[in-house]
1. Is the C-alpha gyration tensor of the stretch 1-44 telling us rounded, prolate or oblate? Criteria: a/c under 1.5 is rounded; beyond that, a/b larger than b/c is prolate, otherwise oblate.
2. Provide the gained length on full extension for the span I15 to V91, in nm with one decimal, where the gain is 0.36 nm per separating residue minus the Cα-Cα distance.
3. Could you state how much accessible area L42 has, in square angstrom rounded to the nearest 10, with a 1.4 Å probe and all protein chains kept in place?
4. Work out from phi, with θ = phi - 60° and the Karplus expression 6.51 cos²θ - 1.76 cosθ + 1.60, the ³J(HN,Hα) of each residue of the stretch 28-37, listed in order in whole Hz, and give x for Gly and Pro.
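The values are calculated or read from the model by the stated rules, or taken from the named source; none is laboratory data. What you see is a predicted model, and the numbers here were worked out from it, not measured in a lab. Ligands, DNA and RNA are stripped out before the accessible areas are found, and what is left, the full protein with its side chains, is counted by its heavy atoms. Shrake-Rupley method; radii C 1.70, N 1.55, O 1.52, S 1.80 Å.
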Amino acid sequence: MIAGMLEQDFIAYLIFGLTLNFVFSILFGMYLTKNIGMEEMLKSKGDKQQSLLVSISLFIPFAKMLVTLYRVTILQIYFLNRGYTHKEFWVYMTHNKD
């Protein structure tokens, strides 16, 4: 048993969580590409590395999906509601704070 579940149930949750993460990530990427443009995203992309917690969350069911939904929430609440643009969000997500 893993976390009180049978192994096959845990693996099913893991696969479903990764699938949901994939779907949300693709949709979020398409949304940003539509609002920023692919060329502009490539020109303004920084070299920021993902934190270790985000990388490890891939192995926890639904955690990676929650990280993606957290990024969508930050975009909506912090950036768009305050009058910032999608591009400023992209720069925030991909650049170090230097």
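1. Taking the square roots of the gyration eigenvalues as a ≥ b ≥ c, the stretch 1-44 is prolate.
2. Length gained between I15 and V91: 24.3 nm.
3. 120 Å²
4. 5, x, 5, 4, 5, 4, 5, 8, 9, x
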